[in-house]
Each structure stands twice: as structure tokens, then as C-alpha cells.
Amino acid sequence: MKQVLSLITCLLLCCTVQAKSKIIEEPPFCVRNTTSIEVSKVVLSDTATVLHIYAKYRPKYWIRIASGSYLKDNNGETYLLRSGIGITPGKEFWMPESGEAEFQLVFPPLSGKATSIDFTEGEDEGSFSIWGIQLKSKELPKLVLPQEAVVHPTDKSATLPEPVVRYGNAIVKGKLLDFYPGMLKELSLYLSDPVKGYEDPMKAAVNQDGSFSITFPVMGTRPASAILPGSNMRFFVEPGQTSEVTSTCGKFRDNSQNSLRTRSHMEKSPTSTARWQAYPQS
């Protein structure tokens, strides 16, 4: 009789836990700095927050999830990683022959006021981060372009202005719309040389609001590129001109474009207010 009562008690407890759990399949997110991992599912309960991770990486190579990883919700509250299921935080996780694997990361329960979370290993170079994981909506927050920004649609018949050949200073300034504090401390800007290709990068500090500005000497009109988390910007610079560029950081709008399984990747086209318009990445 005692065994029957114990069994009934366990079943009731399991049903209670399941009833209080909320499962979010393939939650949309705003931006990430890696294509090696994605959150395939979030399970919320009164006792824990569990991130189901799908990883895709080179077969027989390893990835590692830092033991100091944490979640940060939209209200600024942080939740330190408790443990892993199928992976040991802080130790190498060797990818199988398929190059695909799944594991879980366990965190404390979230505040009831949380509507989105960021997952991050920290601010060290090479750390995995996924920002803006949505918990209560399948829609991402709408982007608001700066008033002076102009979206340039692709026009194959359009012609570029005549390039100039003179020496002087060029200015590149802009703003990253999907920017989160701690995402990027500096931006690498590359100039294209017709003989040796892209030159060594110049560094532009990125402010906490995602804005940046850099001034440098240049000989004539030059193609340029700036590397961002999840995407990049391409545009032109010119002596005596200011290239004003506004861009997203690798926006993913729906689950099919969000998933590593489909190998689908979408990047927003940059926008610009410069005489030399930004052009989208193919």
C-alpha cells in the first residue's frame, strides 16, 4: 500500500512540475556572434530555466561552454549557469562525426517579469553570445531607423558617381541598430587596395549606444568593409567626405532563417546617407 501511495505521490508531483513548465520552441532572437550554437528550446519552470542547445561545428573538433556563463533578462537581472546536461561547462565538448550535437544548460528560474534574455559566456574574445532571445512573442522588436537614414534598395541599373583621385581625410561614422552593451568594444574597418586587396584593419571604438566614428587619410575613392557580429557593412569612402552608415548586426526574422539546421542565413542590407551608397552583401 505504501508503494502505491508513493507512486501516486510521484505522479502527482511530476504532473505539477509539468503543469508549471512553459516550453518555448525555437525562440526568435535579435543577434548572435556565433554560428556554432543556437537555442532550439527554452523550458521555464519554478525551479530552473533550461536552454536546449543545438550545436553545429567541425566533426571531431571541440567547443566549450564557459562555466561562468549566465543569462541576463530585459530588466538587467542575471542568472548564473548551474550545470549542464550532456555537457560539462568549462571542459572540451568533442563534436561527433556528424558535426551536430545537442545538450542542455541549466540556470536558475527567471523573474516573472522577464520577456527576453541574453545568453553569454562573458566579454572575452571568442565568447559565445546570443542576445534578445524572446520568451513571450514570436515577433522581434521592430527596428527604428534614425531619422536621417535612407534605405537604398538594390538597383542593378544604377551607376556610381565618378571616383575622385586626391589625398585627404575621410570620415566614417554610424550606428548599429541591434547593438547590446558588451557586444562589441571596437569595430574593424578594412580598406580595399586594387593591388594587395584589403589592408590591415583600422579600429573604431563603439560607444554604449552602438555609435562609432573614425577619421583616417585616404588616397581617392576606396571600397571599405566593417565586420560586425553576424554580418558586415560594405560601403565607399572618399577624401573630404563623411560616410554615414547605419546597419543591423545580423538580424534573423523567423525560425527558418534562424536555424542552423536549414543552413539559411539572412543579413539586412546596410543603409547610408553618404554620396557613395552602401551596397548589400550578396
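Using square roots of five times the C-alpha gyration tensor eigenvalues, list the equivalent-ellipsoid semi-axes of the stretch 67-123 in whole Å, biggest first.
So the three semi-axes of the stretch 67-123 are 25, 11, 10 Å.
With label points built 7 Å along Cα→Cβ from the Cα atoms of residue 199 and residue 154, find their separation and express it in nm.
Spacing of the two 7 Å Cα→Cβ label points: 3.0 nm.
Considering only DSSP states other than H, G, I, E and B, which GluC sites (Glu not before Pro) in the stretch 48-121 qualify as loop sites with at most 15 other Cβ atoms within 10 Å?
Qualifying residues, ordered by number: 77, 92, 97.
If the only charges are +1 at each Lys and Arg Cβ and -1 at each Asp and Glu Cβ, what is the size of the charge dipole of the stretch 135-206 around the Cα centre, to the nearest 20 debye?
300
Want the number for residue 85 to residue 35: 0.36 nm per residue separation, take away the alpha-carbon distance, what's left?
Details: separation 50, 0.36 × 50 = 18.00 nm, distance 2.11 nm.
The residue 85-residue 35 span can extend by a further 15.9 nm.
Determine the order of 202, 233 by accessible area, beginning with the largest, at a probe radius of 1.4 Å.
202, 233
Roughly to the nearest percent, how much of the accessible area of the stretch 149-202 is carbon and sulfur, given a 1.4 Å probe?
54
So, taking all protein chains as they sit and a 1.4 Å probe, how much accessible area belongs to residue 150, in Å² rounded to tens?
Using a 1.4 Å probe on the heavy atoms, I get roughly 70 Å².
Over 31 Å between C-alpha atoms is what I'm after, so list which of 72/173; 60/173; 91/185; 56/138; 113/175; 136/173 land there.
60/173; 136/173
The values are calculated or read from the model by the stated rules, or taken from the named source; none is laboratory data. Owing to the predicted nature of the structure, the values given are computational and were not obtained by experimental measurement. A quick note on method: Cβ atoms are made from the backbone with ideal geometry, for glycine too, and the neighbour counts reach across all protein chains shown. Surface accessibility is based on the protein's heavy atoms, side chains included, excluding ligands, DNA and RNA. Shrake-Rupley method; radii C 1.70, N 1.55, O 1.52, S 1.80 Å.
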